[in-house]
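Participant: Input: one structure, supplied below.
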Amino acid sequence: MPIELSPEEISELTQVLKDRLGELSEEIYHADLQKFRDQLKDRRTVLQTILEKLERVPAKQT
């Protein structure tokens, strides 16, 4: 399902994802329960995939 984002929106979303990925790494490190840690790792994988896709979007595309 394609969505259209302006360069400013892409930039902002990219920064939000990077910030959240950093927070998730800290949460994973401190998680006591393996099941919860695994859920956080799964979420991190999804967010990393989204970030990689955003970073591949050409700057001129809107």
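Participant: So which residues in the stretch 23-32 are out of contact with any Leu (no Cβ under 8 Å at 6 or more places or on another chain) and not in a helix (DSSP H, G or I), if there are any at all?
Facilitator: The answer is ASP32, and nothing else.
Participant: While we're looking at this one, here's another question. Do we have LEU47 as of a type in the set (A, V, I, L, M, F, W, C), assigned to a loop (DSSP other than H, G, I, E, B), surrounded by 13 or more Cβ atoms within 10 Å (Cβ to Cβ) and without any contact (Cβ under 8 Å) to a residue 60 or more places away in the chain here? Give the derivation first.
Facilitator: Details: of a type in the set (A, V, I, L, M, F, W, C): yes; assigned to a loop (DSSP other than H, G, I, E, B): no; surrounded by 13 or more Cβ atoms within 10 Å (Cβ to Cβ): yes; without any contact (Cβ under 8 Å) to a residue 60 or more places away in the chain: yes.
No: the conditions fail for LEU47.
Participant: A follow-up question, please. Say whether the condition of being modelled with pLDDT of 95 or more, at negative phi and not in a helix (DSSP H, G or I) is met by at least one residue in the stretch 5-22.
Facilitator: No: zero hits.
Participant: With respect to GLN34, is the statement that it is of a type outside the set (Ser, Thr, Tyr), surrounded by fewer than 10 Cβ atoms within 10 Å (Cβ to Cβ) and out of contact with any helix residue (DSSP H, G or I) (no Cβ under 9 Å at 6 or more places or on another chain) true? Steps first, please.
Facilitator: Working: of a type outside the set (Ser, Thr, Tyr): yes; surrounded by fewer than 10 Cβ atoms within 10 Å (Cβ to Cβ): yes; out of contact with any helix residue (DSSP H, G or I) (no Cβ under 9 Å at 6 or more places or on another chain): yes.
Yes; evaluated as a whole, the condition is true for this residue.
The values are calculated or read from the model by the stated rules, or taken from the named source; none is laboratory data. Please read all numbers here as calculations on a predicted model, not as lab measurements. Please note: Cβ atoms are built from the backbone with ideal geometry, for glycine as well, and neighbour counts cover all protein chains shown.
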